[in-house]
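In what follows, a structure is listed as structure tokens, so that the remarks can point back to it.
Values in this text are rule-based calculations from the coordinates and carry no lab data. Treat the numbers as computed from the prediction; the structure is a model and nothing was measured. Glycine also receives a Cβ, built like all others from the backbone with ideal geometry; neighbour counts cover every protein chain displayed.
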Amino acid sequence: MMIPCPKCGRECEEGWKFCPHCGGNLAQAGSGTIPIARKMKCPKCGATYDSRTRFCMKDGTALVGG
């Protein structure tokens with residue numbers, strides 16, 4: 001099962017202690033103290049990103065939620 005990292009929002013394997021992407025403490029995941037990013041789509045190409053992303057990685061469009 002995958003869980004979102006409370007720091008960067010990327011998916012990590014359940015049971016891992018730290019996120020391999022950002023080093024975030026996965027013990028905090030699901031504790032309710034750190035908000036998890038919402039998913040959003042690039043208005044130009046439709047690629048899906050979390051709400052903390054500022055620019056689309058595929059076409060460079062500025063993203064509203066970022």
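For every other residue with a beta carbon closer than 9 angstrom to the beta carbon of ASP50, add +1 if it is Lys or Arg and -1 if Asp or Glu, then tell me the sum. Here the count lands on +4. Count Lys and Arg as plus one, Asp and Glu as minus one, and take only other residues whose Cβ is under 9 Å from that of CYS8; the net charge is then +2.
MET40 sits among other residues whose Cβ lies under 11 Å from its own Cβ, and their net charge, with Lys and Arg +1 and Asp and Glu -1, is +3.
Counting only lysines at least 8 places from LYS44 when in the same chain, those with an alpha carbon closer than 29 Å to its own are LYS7, LYS58.
3J(HN,Hα) along region 5-18: 5, x, 8, 10, x, 6, 6, 9, 5, 4, x, 5, 8, 9 Hz, from the Karplus curve 6.51 cos²θ - 1.76 cosθ + 1.60 with θ = phi - 60°, whole Hz, x for Gly and Pro. Here the spin labels are modelled as points 7 Å beyond Cα on the Cα-Cβ line, and at ARG38 and GLU13 they lie 3.3 nm apart.
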